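The values are calculated or read from the model by the stated rules, or taken from the named source; none is laboratory data. From a predicted model like this one, the values you see are computed outputs, not experimental measurements. Positions of Cβ are generated from backbone atoms using ideal geometry, with glycine treated the same way; all protein chains shown enter the neighbour counts. Note: areas computed on protein heavy atoms with side chains; ligands, DNA, RNA excluded. Shrake-Rupley method; radii C 1.70, N 1.55, O 1.52, S 1.80 Å.
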Amino acid sequence: MTTHTTRMLIIGSGPAGLSAAIYGARAGMEPIVVQGLQPGGQLTITTDVENYPGFRDVVQGPWLMQEMQAQAEHVGTRMMWDTITSVDLSGPKFTATGDGGDIYEGDTLVIATGAQAKWLGVEGEEALSGKGVSACATCDGFFFKGKKIAVIGGGNTAVEEALYLTNHSDDVTLIHRRDSLRAEKILQDRLLAHPSISVLWNKRVEQFVAGEDGTLTSLKLADTQTGEHSDFSTEGAFVAIGHAPSTELFKGKLEIDGGGYIVVEPGTPKTAIPGVFACGDVMDHIYRQAVTAAGTGCMAALDAERYLAEREFADKASVAAQ
Ligand code: FAD
Ligand code: NAP
């Protein structure tokens with residue numbers, strides 16, 4: 001068991017955590033990043049990324065994250081292969097315990113544990129992820145330009161994804177397991193009035209089916225009222241049944257909203273505990289993009305640096321006054 005100390009402890013190695021690390025390291029805070037079970041975060045499970053600024057051509061998600069990590073290490077970040085199992089935020093130092101028993105101690109803590117899209121867990125879904133099945137219309141909608149697309153779900157996310165996808169296709173079908181939507185009325189009205197969108201009610205997806213080329217060709221559906229089975233041909237299916245932010249560690253320690261996201265001071269990454277910051281998908285249920293995660297990671301590092309500078313100034317002033 002080893003104790004690792006740093007001025008900036010970062011939990012999570014997606015775009016938010018690594019961007020915080022790049023800024024923190026360049027400010028001389030010698031950050032430690034604890035990587036977790038998915039080093040590099042969600043982008044490591046996708047292929048083409050073509051909306052992250054700085055690259056004229058499509059880049060691969062895993063490659064982008066390797067580069068981000070290399071940049072963070074190059075400026076002085078220490079990367080740890082560990083997963084945090086508990087945290088103590090009582091301060092003044094914030095501590096986190098790894099699953100092997102190592103202790104990480106930070107003068108500041110940046111939480112960048114991200115979120116995971118929820119999946120249906122049915123046959124073919126995982127195998128066809130990135131080959132016709134996606135959980136992010138903003139990221140992957142472009143690849144289905146002019147094709148027939150399905151969106152699965154009935155909440156705000158599903159309706160927004162369906163509306164967004166009409167930018168790419170005039171044949172979008174929302175597939176929902178009930179006969180009414182959970183989404184806000186205004187979004188429902190827009191969806192139901194849209195000429196490019198149809199809705200299939202009371203249908204559950206039972207299987208994602210691949211064609212000979214290994215990409216999605218159809219969905220097997222079951223009617224939730226009658227049990228009747230049917231096939232729905234489509235080349236793109238967007239699963240939009242919600243996201244689960246990774247906030248289990250912080251329950252009872254930080255304010256968590258009804259969706260499970262860490263609550264921050266609006267427009268900032270500041271939590272209610274001075275010195276503890278949250279950035280990226282773990283605190284953002286609206287944008288959920290790599291570039292916004294990186295942006296809030298940068299903000300967290302800048303705020304952490306300011307927090308420490310102010311605290312050190314106050315400590316010096318109080319010593320001088322004695
Ligand atoms: P994440 O990337 O989720 O990273 C979270 C990190 O926290 C991981 O490293 C994980 O290991 C770590 N962690 C979690 N729990 C612990 C723990 N207990 N201890 C230690 N570490 C922990 N966005 C785009 O902008 N463009 C795209 O093209 C795009 N494509 C996407 C494709 C797919 C299939 C998916 C799922 C998402 C896509 N996104 C895309 C969204 C983008 O990936 C996310 O918005 C972004 O990764 C969020 O970054 P993050 O750093 O907040 O969290
Ligand atoms: P959500 O509101 O929880 O809706 C999830 C939808 O997926 C529901 O319609 C649910 O069906 C369906 N679903 C869940 N599990 C399923 C399964 N296994 N099989 C089939 N369908 C399943 O999630 P969300 O839409 O991602 O929204 C999450 C939160 O973010 C909400 O608070 C939402 O208001 C908010 N949000 C807001 C905005 C906005 O304000 N513009 C945009 C996006 C999200 P049932 O209805 O049958 O349960």
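Considered as a group, the residues in region 258-279 that are in contact (Cβ under 8 Å) with a residue 24 or more places away in the chain and within 16 Å of ligand 2 (Cβ to nearest atom) include one that is nearest to Thr108 (Cα to Cα), and that residue is Ile262. Screening region 286-308 for residues that are free of Cβ contacts under 8 Å to residues at least 60 places away in the same chain and open to solvent by 60 Å² or more (accessible area, probe 1.4 Å) and picking the one that is farthest from Gln42 (Cα to Cα) gives Arg306. Of everything listed in (1) touching a helix residue (DSSP H, G or I) at 6+ places or on another chain (Cβ under 6 Å); (2) assigned to a helix (DSSP H, G or I), the single unmet condition for Tyr52 is (2). In summary, Gly259 fulfils each of the numbered conditions (1) modelled with pLDDT under 95; (2) in contact with a Phe, Trp or Tyr (Cβ under 9 Å, 6 or more places away or on another chain); (3) of a type outside the set (Lys, Arg) with the single exception of condition (2). Can you tell me how many residues in region 83-137 are over 30 Å from Ala237 (Cα atoms), open to solvent by less than 10 Å² (accessible area, probe 1.4 Å) and modelled with pLDDT under 95? Qualifying residue count, region 83-137: 0.
Counting residues in region 225-238 that are open to solvent by less than 30 Å² (accessible area, probe 1.4 Å), touching a residue at least 12 places away in the same chain (Cβ under 8 Å) and touching a Cys at 6+ places or on another chain (Cβ under 8 Å) gives one or more. Yes or no: region 171-194 includes at least one residue that is farther than 22 Å from Thr47 by Cα and within 16 Å of ligand 1 (Cβ to nearest atom). Taking every residue of region 171-194 in turn, none turns out to be farther than 22 Å from Thr47 by Cα and within 16 Å of ligand 1 (Cβ to nearest atom). In the set (1) within 23 Å of the chain's Cα centre (by Cα); (2) aliphatic (A, V, I, L, M); (3) assigned to a strand (DSSP E or B); (4) away from ligand 1 (no atom under 16 Å from the Cβ), Ala237 fails one condition alone, (4). When the residues of region 1-39 are filtered to those that are modelled with pLDDT under 95 and of a type in the set (A, V, I, L, M, F, W, C), the one that is least open to solvent (accessible area, probe 1.4 Å) is Leu37. Applying the condition of being farther than 20 Å from Met8 by Cα and among the aromatic types (Phe, Trp, Tyr) to region 46-103 and asking which residue is nearest to ligand 2 (Cβ to nearest atom) yields Tyr52. Residue check: Lys251 meets all listed conditions (1) more than 10 Å from ligand 2 (Cβ to nearest atom); (2) open to solvent by less than 40 Å² (accessible area, probe 1.4 Å) but one, namely (2). List the pairs whose first member sits in region 119-132 and is in contact (Cβ under 8 Å) with a residue 40 or more places away in the chain, whose second member is open to solvent by 50 Å² or more (accessible area, probe 1.4 Å) and acidic (Asp, Glu), and whose Cβ atoms are under 8 Å apart, counting only residues at least 6 apart or on separate chains? Matching pairs, first to second residue: Trp119/Glu126; Val122/Glu206; Glu123/Glu206; Gly132/Glu235. Filtering Thr217, Thr268 for residues that are assigned to a loop (DSSP other than H, G, I, E, B) and polar (S, T, N, Q) leaves a single hit, Thr268. The set of residues in region 55-74 that are assigned to a loop (DSSP other than H, G, I, E, B) and either surrounded by 15 or more Cβ atoms within 10 Å (Cβ to Cβ) or of a type in the set (D, E, K, R) (or both) comprises Arg56, Asp57.
Residues that are over 20 Å from the mean Cα position of the chain (by Cα) and open to solvent by 40 Å² or more (accessible area, probe 1.4 Å) were ranked within region 150-176; the one that is modelled with the lowest pLDDT is Asn167.
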